[in-house]
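Down below is the structure, laid out as structure tokens.
The values are calculated or read from the model by the stated rules, or taken from the named source; none is laboratory data. Keep in mind it's a predicted model, so treat the numbers as computed, not measured. Every residue, glycine as well, gets a Cβ built from its backbone with ideal geometry; the counts of neighbours run over all protein chains shown. Surface areas here come from the heavy atoms of the whole protein model, side chains and all, with no ligands, DNA or RNA. Shrake-Rupley method; radii C 1.70, N 1.55, O 1.52, S 1.80 Å.
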Amino acid sequence: MAILIGKDTRLITQGITGKAGLFHSQKCREYGTNVVGGVTPKKGGTTVEGFPVFNSVAEAAKATGANATMIFVPAAYAADAILEAADAGLPLIVAITEGIPVMDMLKVHNYLKGKKAILIGPNCPGIVTAGVCKIGIAPGPIHSKGKIGIVSRSGTLTYEAVHQTTMAGLGQTTAVGIGGDPIHGLSHVDVVKMLNEDSETEGIILIGEIGGSDEEIAAEYIKKHVKKPVVAFIAGASAPKGKRMGHAGAIIDGNTGGAEAKKQALRDAGVTVAETAAEIGKRMVEAMKAKGK
């Protein structure tokens, strides 16, 4: 079992005729994902590298039975692409595009309320269920099928946690990069809930960063509901207050969002907090052994 994606996933790519969209569609197909086509307006009826191209998401969904999409549409049009996928009834939308205006994402956020569509991202690496299905830009070969679920705001640190758990022999169930923008789809707590309910996931790695309150909210949930070992790492501990960092969400606001406050909230919830990114895998091994796993 895994979360959100699996063997039944039928993926389309919005922006499949663009350089990045096509390249990563091919990489997903090579990993084993069933990529059934793509969408580029005015190029419907053509094919590219064996992928049928449609003019709209609705046409693609009707013709292929697609139940997931990944979005490589330029930032100025990406919000509309998300809305189009939701209107077409696709249950999973993975928005890779970075640089989508905050006001555009605010409209998307409000529009998706009450809808069945689940949004991952934007500005994210996507999601990988090890050995089964990959949606997005994460490097496939570093993953290995195993028992650790991963949720992270940072793409690079997602890959780091994946690599370390692979090298430690733990492997992964599903790794989800939720993105670093201030307005996004799935949050830490959303993914932690799913991983906690997944029977194959025996441990959870949560990677956060300064700014916002997602990690504190997840800590509250973990404290009340999670019995599995959880290891966390918070990036940006040495960042000066008031400075805009690499991610749009990584801004400390007054006395909230700082690394130490997030670490303490997680420790209070029983989470093992790694002080450096290099020790995430090692701490996970220790936490698993402490739980007799």
Over segment 93-138, average the accessible area per residue using a 1.4 Å probe and give it in Å², no decimals. 40
Out of these labelled values of Rg/Rh (Cα atoms, Kirkwood Rh), [x] 0.97; [y] 0.93; [z] 1.07, which was calculated from the coordinates shown here? [x]
Packing-ranked peptide list from 61-67, 204-210, highest mean Cβ count within 10 angstrom first, is 204-210, 61-67
Pull up the cross-link candidates among the aspartates and glutamates for LYS115, meaning alpha carbon to alpha carbon under 14 Å and not fewer than 8 places away within one chain. GLU84, ASP87
As straight-line cross-link partners of LYS224, the qualifying aspartates and glutamates (C-alpha separation under 18 Å, not fewer than 8 residues apart within one chain) are ASP190, GLU197, ASP198, GLU202, ASP214, GLU215, GLU216, ASP268
Over the chain, what is the relative contact order in percent, taking alpha-carbon pairs closer than 8 angstrom and at least six residues apart? 14
May I ask you to order 124-135, 105-116 by the average number of other C-beta atoms within 10 Å around their residues, highest value first? 124-135, 105-116
Determine the distance separating the Cα centre of segment 134-155 from the Cα centre of segment 41-93; give it in Å without decimals. 24
Nearest 10 degrees is fine. How inclined is helix 280-290 to the longest principal axis of the chain, computing both from alpha carbons? 60
Once neighbouring chains are kept in place and the probe is 1.4 Å, which whole percent of the accessible area of segment 132-225 is contributed by carbon and sulfur? 55
What value, in deg cm²/dmol to 500, does the helix sum -39500 (n - 2.57) over DSSP H runs of n ≥ 4 give at 222 nm once divided by the residues of the chain? -10500 deg cm²/dmol
